[in-house]
Each structure stands twice: as C-alpha cells, then as structure tokens.
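Below you'll find the structure, written out as structure tokens, and then a few comments.
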Amino acid sequence: MTAYPPVPFADELLPALEAMNAAPQPPLTEESLPHTRDGADRMFPAAAELVAGRAVETEERVIPGPAGSPELEITIFRPAGHDAASAPVPALVNYHGGGMIVGHRSWEHGRVVDLVESLGVVGVNVEYRLAPEHPYPAGVEDNYAAFVWTAEHAAELGVDPERIVVMGGSAGGGFAAAVALMARDRKGPALAGQLLICPMLDNTNSTVGSYQYDGIGTWQRELNLLAWRMVLGAELASSTDAPAYAAPSRAEDLAGLAPAFIEVGAAEMFRDEDVDYASRIWATGGQAELHVWGGAFHGFDMYAPDTELTRAALASRDSWLRRVLGL
C-alpha cells in the first residue's frame, strides 16, 4: 500500500487538538459503546437553557416513526412568537453526528439555534435509532420519516413546505444526503436543499484521505471502520454492494437531487469522498457548492469555534442558506 503523508493541520486549530490529546478519551469499541453513550443527552446544554434570553422558543415533541417502528423524539426551535398564524418561514431538519453509533440531538442544538435566530427559520432537530442495536435501515428511515412529518405538518409549524432543507454534520450529513436521495426516488415532499457538513458518505474506506488520517485527527480511520461494521454488518461494511441509502457514495445516479452545499476539511478522512460526491453531482448538471477548508480537521467548527476558519465556514453556510431559501 502506498504511504500518503497527511495534510498538516492549520496552525490556529492546533491548540484545540492539543487540548483533546491532553485529555484522551477511552477507545471507542463495540464493547465500550454503552458506556460512551451513557449521559450523552447531558453532555451539552438542554434546549431550554440554550434559548434563554434569545429570541427563540423551543418545544419537545414525539412524532410517529416509520411504519411499524418506534416513535421519534424531536426538538423544535422557532423564532419567538412564531406560530401557525404567522407568515410561513423555511425549515431546517437537522440530523446529529456520531458515526451512526453514538450521539444525541442535543449535541447540535447550538448549531440549530444559531441558524434559527440568524435566519428567522424553524429548526427541527431529530433523534434517530443507532447501530449496532438498530442497523441499517433504521436510522435513515427514522430521519426520512422526520423530514416527511415536517413537510406534512408545515401549516401547523408555520413552515413553507417548498422551503425545507435537510442538514447535518458527519453521520448527520450522510443521513441528509441519503434523505435527499430517498425524497427523489420516493417522489416525496419537495426539498429546497441539502446542507452536508463533512458528510460521512463512503463505506469503502478506500480513499487517500481515509489512509492519511489513520491514527491522527479527530474522527479516524479505525473509528470509521468500526462504525460502518456496526451499521452494515461485516459482509457489507466495506463493500461496493452496500445500499445507497446507507452510504450515498454507492448511489449510481446523482441526477435530479436538491441543491447541495458540501463542506469538508482538507485535513480529514472524508475529504476525498466529499469532493467526489460534489463532482458527480456536477457531472449530472446538478447544483453543488463545495468548500474545502485548508488544514481543517473533522468537526473543526465545533472543537475550535473561536477561529477564523470556523467564522469563514459559518459565514459560507449562512450565505448558501440565504440564497437557496430566498432570504
């Protein structure tokens, strides 16, 4: 196998990496998953705490899951005073990260609240089932069901059903891409766009980037191999025969999709699969806006929020959302 030297991390991000390395977490394994998940819903501030003193209101809801499956928990954020009688606004349906094996929607409440406040939109943050207890297709079907529910309850939420964007980071970005594929294939509700933040798209772990970040960075090759094995099982974990709704890179046809915003770091293992996904959308005549942030590691915006790289990334997302939603 060819050795690929990693792209160096940006100098301004090094303090965040050094802080993480100074307090290492126990290795994530199938056996340690239950312990890792314990208290996940308390690791970040609750929704009510986050909106205190801001012009944003929040509500916890339980909605129907996919047919024959458990109900889903969601957190709704809306501009203060916005209700069914208000003029309809766009909606963002967010799926949290965590490799499809860990994580909780509260981890990304802050990201959603900031967008609701700055853009005047409604945000729906979704809790979905995790692998390996609930392997594919549980998670993606949960997330598609939450998107459909949002569209079908648009009037109740004060949402314009023609201006809904699905979004997420890492595994959540992969889910958003898969939901966009499902909406096209199932002739589901209209999607205005898909906001894919360092999305987890390719199960084969065969790109240069996948080998460059083996043992370094935040989300590393070993973790990715574990996650795909938990989601797809050993037989399909690295196979090109994996279903496209599990690993969107496996989709043979990327035509006719909602406009995509794809963001990734140059110094992370998802770089090449994300660039390839944008290129394949362009090859069909589709719309994709691609940002590759120099020296950025996976999840840099959450680990290093007070850096120029993060400020640039957030401004780019905000600009794209304003354009695609006509704000």
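Over the chain, dividing the summed -39,500 (n - 2.57) contributions of all DSSP H runs of at least 4 residues by the number of residues returns a 222 nm mean residue ellipticity of -10500 deg cm²/dmol. So what's the net charge close to Gly173: Lys and Arg +1, Asp and Glu -1, counting the other residues with Cβ under 9 Å from its Cβ? After counting each charged neighbour, the total is -2. If only the Cβ of Lys and Arg carry +1 and only the Cβ of Asp and Glu carry -1, the dipole of the range 174-327 around its Cα centre is close to 500 debye. Projecting the Cα atoms of His35, Ala85, Val51 onto the charge dipole of the range 1-90, computed from C-beta unit charges around the Cα centre, puts Ala85 farthest toward the positive end.
According to the Cα-based calculation, Rg over Rh for the range 1-90 is 1.13, with Rh computed by the Kirkwood formula.
Sequentially through the range 189-206, phi angles give Karplus couplings (6.51, -1.76, 1.60; θ = phi - 60°) of x, 5, 10, 7, x, 9, 9, 10, 9, 6, x, 8, 10, 10, 7, 7, 6, 10 Hz, Gly and Pro residues having no value and appearing as x. Counted without the sites themselves, the longest stretch of the chain free of GluC sites (Glu not before Pro) in a DSSP loop having at most 14 other beta carbon atoms within 10 Å is 134-234.
Coordinate range of the alpha-carbon atoms in the chain per principal axis, descending: 61, 41, 40 Å. Close amide H pairs (under 5 Å, H built 1.01 Å from N) link Ala296 with Ala10, Ala266, Ala267, residues at least 5 positions away or on another chain. Restricting the range 256-288 to chymotrypsin sites (Phe, Trp or Tyr not before Pro) that sit in a DSSP loop and have at most 14 other Cβ atoms within 10 Å of their own Cβ leaves nothing. The local environment of Ser238, defined by Cβ-Cβ distances under 11 Å, has a net charge of -2 under the rule Lys, Arg +1 and Asp, Glu -1. Database remark: amide H of Ala288 closer than 5 angstrom to the amide H of Ala260 (H placed geometrically; neighbours at sequence offset of 5 or more, or on other chains; Pro and chain starts carry no H). Placing +1 on each Lys and Arg Cβ and -1 on each Asp and Glu Cβ, with no other charges, gives the chain a dipole about its Cα centre of roughly 500 debye.
In this rough spin-label picture, where each label sits 7 Å from Cα along the Cβ direction, the Ala255-Asp276 distance is 2.2 nm.
In this structure, the amide hydrogen of Val89, modeled 1.01 Å from its nitrogen in the peptide plane, lies closer than 5 angstrom to those of Val159, Asp160, counting only residues at least 5 positions away or on a different chain. In this calculation the C-beta distance from Ile216 to Glu156 is compared with R0 = 51 Å, giving a FRET efficiency of 0.60. Computed from the Cβ-Cβ distance with R0 of 22 Å, the FRET efficiency linking Met43 to Asn21 stands at 0.70.
Normalised by the number of residues in the chain, the mean separation of alpha-carbon contacts (under 8 Å, six or more apart) gives a relative contact order of 17 percent. How many percent of the accessible area of the chain is carbon or sulfur, using a 1.4 Å probe? Answer for the chain: carbon and sulfur cover 54 percent of the accessible area. In terms of overall dimensions, the range 116-253 has a Cα radius of gyration and Dmax of 15.8, 48 angstrom.
For the range 178-304, the Kirkwood hydrodynamic radius from C-alpha pairs, put into Stokes-Einstein at 10 °C and a viscosity of 1.306 mPa s, yields a diffusion coefficient of 106 µm² per second. Each of Val116, His298, Pro8 was placed along the dipole of the chain (beta-carbon charges, centred on the mean Cα), and the one lying farthest toward the positive end is Val116. Computed from point charges on the beta carbon alone (+1 for Lys and Arg, -1 for Asp and Glu), the dipole magnitude for the range 1-57 about its Cα centre is near 60 Debye. Taking 0.36 nm per residue of separation and subtracting the Cα-Cα distance, full extension of the segment from Ser316 to Glu235 would add 25.3 nm.
The values are calculated or read from the model by the stated rules, or taken from the named source; none is laboratory data. This is a predicted model, so every value here is computed, not measured. Note that we place each Cβ from the backbone using ideal geometry, even for glycine, and neighbour counts take in every protein chain shown. For accessibility, only protein heavy atoms count, side chains too; no ligands or nucleic acids. Shrake-Rupley method; radii C 1.70, N 1.55, O 1.52, S 1.80 Å.
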